[in-house]
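Asker: Take this structure first; my questions come after.
The values are calculated or read from the model by the stated rules, or taken from the named source; none is laboratory data. Computed from a predicted model, the values in this text were never measured in an experiment. Here the Cβ positions follow ideal geometry from the backbone for every residue, glycine too, while neighbour counts run over all protein chains shown. Just so you know, the surface numbers come from the protein's heavy atoms only, side chains and all, with ligands and any DNA or RNA stripped out. Shrake-Rupley method; radii C 1.70, N 1.55, O 1.52, S 1.80 Å.
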Amino acid sequence: MLNIKDLSTTIYEDIIITNLTGYISITDVNTWFNSFEKTCYSFIGQGKKYKLLVNRKGYTPEHFSVQKLWKDKFFSNNILENVIAVAFLLEEGDILSHLEHTNTKDNVKFSSNYDQLFDWLSAYRY
C-alpha cells in the first residue's frame, strides 16, 4: 500500500471530510490544522453544526510528538463543540478494534471502511 501524504479538507453538504494521511511531520499537522480549522469556522460563523469524517488511514507520524500535537489541536478546540457526529477512518488492527469495542458514544464511529462511515454520517440524524 502506498503511503501518500494527504492533508486536504473538503465539504460535502453538512459533512467536513478531513484527511491526515501519509508520513506526517509537525509542519504537516500545522498545515493540515490551519485548513481544517478554516473549513470548520466557515460553518461555525454561519451558526451551523456539521459532521466530521476524519481520515487517518495510512497515517504514519514522523515522531511521537506528531501524534501528541494532532491530539492537542483536534481535541482541545471548540471545533468539536459544533460537531453533530464524527467518524474516524483508521487502519485495521488492535487500535481500531479497541476503539470500536470501547466506544460508548452514539455520535462517534470508528471503521476501516470509508463507504460505511460516509453512509453512516450521511444518514445520521440528531
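Asker: Normalised by the number of residues in the range 1-57, what is the relative contact order in percent for Cα pairs under 8 Å and 6+ residues apart?
Answerer: Working: 77 pairs, mean separation 23.5, N = 57.
Dividing the mean separation by the residue count of the range 1-57 yields 41 percent.
Asker: Tell me the per residue accessible area of the range 3-126 using a 1.4 Å probe; a whole number in Å² is fine. Present the calculation step by step, with values, prior to reporting the outcome.
Answerer: Details: 6910 Å² over 124 residues.
Result: 56 Å² of accessible area for each residue.
Asker: Still on this structure, please answer the following. Using DSSP, restrict attention to beta bridges with both residues in the range 1-85 and report what percent are antiparallel, rounded to the nearest 5. Before the final figure, lay out the partial values.
Answerer: Working: 5 of 15 bridges.
Once the DSSP bridges in the range 1-85 are tallied, antiparallel ones form about 35 percent.
Asker: Would you work out the relative contact order for the range 19-126, in percent, from Cα pairs under 8 angstrom that are 6 or more residues apart? Don't jump to the answer; show the numbers that get you there.
Answerer: Values: 136 pairs, mean separation 30.8, N = 108.
Relative contact order here is 29 percent.
Asker: If packing is taken as the average count of other Cβ atoms within 10 Å, what order do 99-105, 48-54, 21-27, 8-14 fall into, highest mean first?
Answerer: Working: 99-105: 10.0, 48-54: 19.0, 21-27: 16.9, 8-14: 14.1.
Going from most to least packed, we get 48-54, 21-27, 8-14, 99-105.
Asker: Per residue of the chain, what 222 nm ellipticity follows from adding -39500 (n - 2.57) for every DSSP H run with n ≥ 4, rounded to the nearest 500? List each step's numbers first, then the result.
Answerer: Values: 4 runs with 50 residues, N = 126.
That comes out to -12500 deg cm²/dmol.
Asker: Roughly how many percent of the accessible protein surface of the chain is carbon and sulfur, given a 1.4 Å probe and a whole-percent answer?
Answerer: Values: 3780 of 7220 Å².
Heavy-atom surface of the chain belonging to carbon and sulfur, 1.4 Å probe: 52 percent.
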